[in-house]
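Worksheet: one structure, shown below.
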Amino acid sequence: MVQSAVLGFPRQGKLRDLKKATEAYWAGKTSQAELLATAKELRLNHWKIQKDAGVDIIPSNDFALYDHVLTQIQDFGAVPERYTTSNLDPVDEYFAMGRGHQKGGVDVPSLEMVKWFDSNYHYVKPTLQDNQTFKLVSNPKAVVEFKEAKEAGINTRPVLVGPVTFLHLAKADRGQSVNPIDLLEKLLPVYEQLLTQLKEAGAETVQIDEASLVFDLPAKVKAAYKPTYEKFASLGDKIPKLVFTTYFGDIVHNLEAIPKDIYAVHIDLVRNPEQLETVAGAIGSKTILSAGVVDGRNIWKTNFKRAIETVESAIQKLGKERVIVATSSSLLHTPHTLASEEKLDPEIADWFAFACEKVVEVATIAKAVTEGPASVREALEANAKSMNARATSKRTNNPQVKDRQSKIAESDYNRKSEFSTRIAQQQKKLNLPLFPTTTIGSFPQTKEIRLQRNKFTKGEITEAQYDKFIEQEIDMNVKIQDELDLDVYVHGEPERNDMVQYFGERLDGYTFTTHAWVQSYGSRCVRPPIIVGDISRPAPMTVKESKYAVSVSKKPMKGMLTGPVTCLRWSFPRDDVHQSVQAEQLALALRDEVVDLEKAGVDVIQVDEPALREGLPLRSGKEREAYLDWAVKAFRLSTVGVEDSTQIHSHFCYSEFQDFFHAIAALDADVLSIENSKSDAKLLGVFVDSAYPRHIGPGVYDIHSPRIPSEQEIKDRIEEMLQYLKPEQLWIDPDCGLKTRQWKETKEALVNMVNAAKFFRAKY
Ligand code: GLN
Ligand code: ZN
């Protein structure tokens, strides 16, 4: 029999119950016991959904209150000392690492988060010391949750991040120089202990995520697989059988690192179907292949015919006993259930499958190949009908858009003049001081904003009333920026529910959902809109608010747009048209918006591209260069339609550009604001090495945490930056937008930031 397996389930629950419970706990409104009870209830629900769907292999320990890597950091005793000295209880210590802690005399920033793969999910980075030791806690979560499921009558397959991947993700703490992979020998005993405990608790198999195998690995990391898995093999029946799990890429360049004679290997056959043949030929003669054929990253219904063909071809090579049908990755990256989408057009809804529907798909495919297609005939027929309906629907094609795309000329990618000419004209108009201060766009999205938006969506207030409310918010934001004495203002984005969804709702070719939330980090969820057809802009999207903001502000006011690559990456993209085509359509729509903003008197326009890097194919080479080529072109297409005197900004939520700096430079943006406060200032070295001529605002403080940076801290940071950047190049700004923060901490932090900027202004 061919078994079905799910690699992980979304954690938030049908109504983002986990988010609500954690935030209530953080706000001191509920007790820890209440939070933990909600979490437990969610886990039980999710296991039950999978069991009822007929899934054979159901994961446990895929759940986390904040992040699953963070759980392992804590369970392995890899908590940096600064979090342990104040004797927080384990749950608060966990959250302190995830989001910082500034309460009751304790003041620690969070650990760094990273979008490690090419998804929008942020993992917490293990942060290790030169003299790092590891020690398993007495009640490791993996064991607790396995037992919890067992008590509920569900035998699960626990999920762990594998040791090599855990270390490859890690970094040395500030001031430390350890190469994390050198800590392997110290780490393995902890895994041995944990696996042994899981076995004792009754776990027969464990999913061990070693997805780092999809990267181009440093030799040392690649070489670490062999001793690690030989060690595990030597433990025999003392530990569960291991399913060596990879996803988000292919592993054909790392075949020799696949453990010989391991129980099972999982590969992502949605992303890289072509790797099946090679991997199936490379695994041990008894090893099972877990075939990831149901997309864990997107919302489209699985094409059963194609998926079954793939699984059948694996069966042909290996036999039924050696194949598992699985999701391509954890379903963490998909929304909970399509059943909540009452407003979705039924024609379109018929094309989708979210997590609850995907688990049924996995079970259905496994049944089809085990018992034959007749056993699921109705499901197969319905699926074929949906596939056909989508392929032939009028909603997917717009000839006008295609026509415009065919007419794009080389000159549509270039500004009128070089940067030196542009900046002189911009400076004449904007008249900015040295070390100009600005923010990245959004200001706190207060309860009141959400309330009014809700009322408007429900039709309880009129559009005029809502517009009035937004104008008042903008007035207030301008006044606050006057008081703070910032140099380039933002309107604060009060009208935006989300930086991509907002645009999706204003573009043709998109559809959007009411409940399709996906976890981004911690309690933060996003609701990506869905690209279903060719994209165009029926009307200006942001001009009304920006124009108003300019009219009430004495200082330059930035217009704020989300770039084409980010719109694409943070949407669920089509899977029937290449992403470059979708990006180009978005770029044309945004180009019109940029030009309209300029016409409306907006002299500074920021086009955010925080998702540019996460779209990078995980391995270097041809595929990566092709991506960068179309991504840069899309950005340029969207921004270069303006006069020299209009200043184009762009923003990135990271500063690790080493691998693709040529593309960042090629964007030709006048000013780049980037995340930097949690990264090493050394990363700014790339700007020096390439004699980057344009302006840069490396973030001077972290915005993911409510913690307020002191003026001195910010000064120190700026001092460090000045080792790399020229004073006339440097802008002073936070790491990112401030929408997730409260006003109190926002103001206090910005006061310190402006004071720090003024200090250097006086000095230079
Ligand atoms: N302008 C956006 C904001 O400030 C940028 C957000 C982002 O980069 N993620 O919210
Ligand atoms: Zn950002």
For the range 220-321, listing trypsin sites (Lys or Arg not before Pro) in a DSSP loop whose Cβ sees at most 12 other Cβ atoms within 10 Å gives Lys286
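How high is the relative contact order of the range 93-150? Use alpha-carbon pairs under 8 Å, at least six apart in sequence, and give a whole percent.
18 percent.
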Sparse-neighbourhood loop hits (trypsin sites (Lys or Arg not before Pro), the range 454-506; DSSP loop; Cβ within 10 Å at most 15 others) -> Lys458
Length-normalised contact order of the chain, Cα under 8 Å, at least 6 apart, in percent, tallies to 12 percent
Rounded to the nearest whole number, the per residue volume of the convex hull around the C-alpha atoms of the chain in Å³ is 154 Å³
Rounded to 0.05, the calculated FRET efficiency for the beta carbons of Arg395 and Leu451 at R₀ = 41 Å is 0.75
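Can you tell me the accessible area per residue over the range 258-352, all protein chains present, probe 1.4 angstrom, in square angstrom?
Heavy-atom accessible area per residue stands at 39 Å².
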Here the gain from full extension of Asp680 to Lys343, 0.36 nm per residue of separation minus their alpha-carbon distance, amounts to 116.7 nm
Expressed as a percent, the accessible surface of the chain that is carbon or sulfur, using a 1.4 Å probe and the full set of protein chains, is 51 percent
To the nearest Å², the heavy-atom accessible area per residue of the range 361-424 with 1.4 Å probe amounts to 61 Å²
Note on the chain: helices (DSSP H) long enough, at least 27 Å by alpha carbon along their axis, and hydrophobic enough, mean Kyte-Doolittle at least -1.0, are 32-53, 463-484, 579-599, 743-763
Mean accessible area per residue over the range 1-114 (1.4 angstrom probe, all protein chains present, square angstrom) is 39 Å²
Here, Asp261 and Ala282, labelled 7 Å along Cα→Cβ, have an inter-label distance in nm of 2.0 nm
Counting sequence-distant residues (5 or more places) and residues on other chains, those with an amide H built under 5 Å from that of Trp116 are Tyr123
Rounded to one decimal in nm, the spacing of the 7 Å Cα→Cβ label points at Asn179 and Gln465 is 6.5 nm
Loop-resident trypsin sites (Lys or Arg not before Pro) in the range 145-196 with no more than 11 other Cβ atoms inside 10 Å, DSSP not H/G/I/E/B, are Arg174
So, relative contact order of the range 248-335 in percent, Cα under 8 Å, 6 or more apart, is 33 percent
Taking a crude spin-label model, label points 7 Å out from Cα along the C-beta direction, the Lys428 to Thr133 distance in nm is 6.8 nm
Of the range 570-597, those with amide N under 17 Å from the point 7 Å along the Cα→Cβ vector of Ile408 are 574, 577-595
Ranked output for segments 395-401, 324-330 by mean other Cβ atoms within 10 Å, highest leading, reads 324-330, 395-401
In this structure, the FRET efficiency calculated for Ala539 and Ala382 from their beta-carbon separation, with R0 = 30 Å, to the nearest 0.05, is 0.20
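The values are calculated or read from the model by the stated rules, or taken from the named source; none is laboratory data. Bear in mind that the values here come from a model prediction, so they are computed numbers and not experimental data. Cβ: placed from backbone, ideal geometry, glycine included. Neighbour counts: every protein chain shown. In case anyone asks, the SASA skips ligands and DNA or RNA and just uses the protein heavy atoms, side chains included. Shrake-Rupley method; radii C 1.70, N 1.55, O 1.52, S 1.80 Å.
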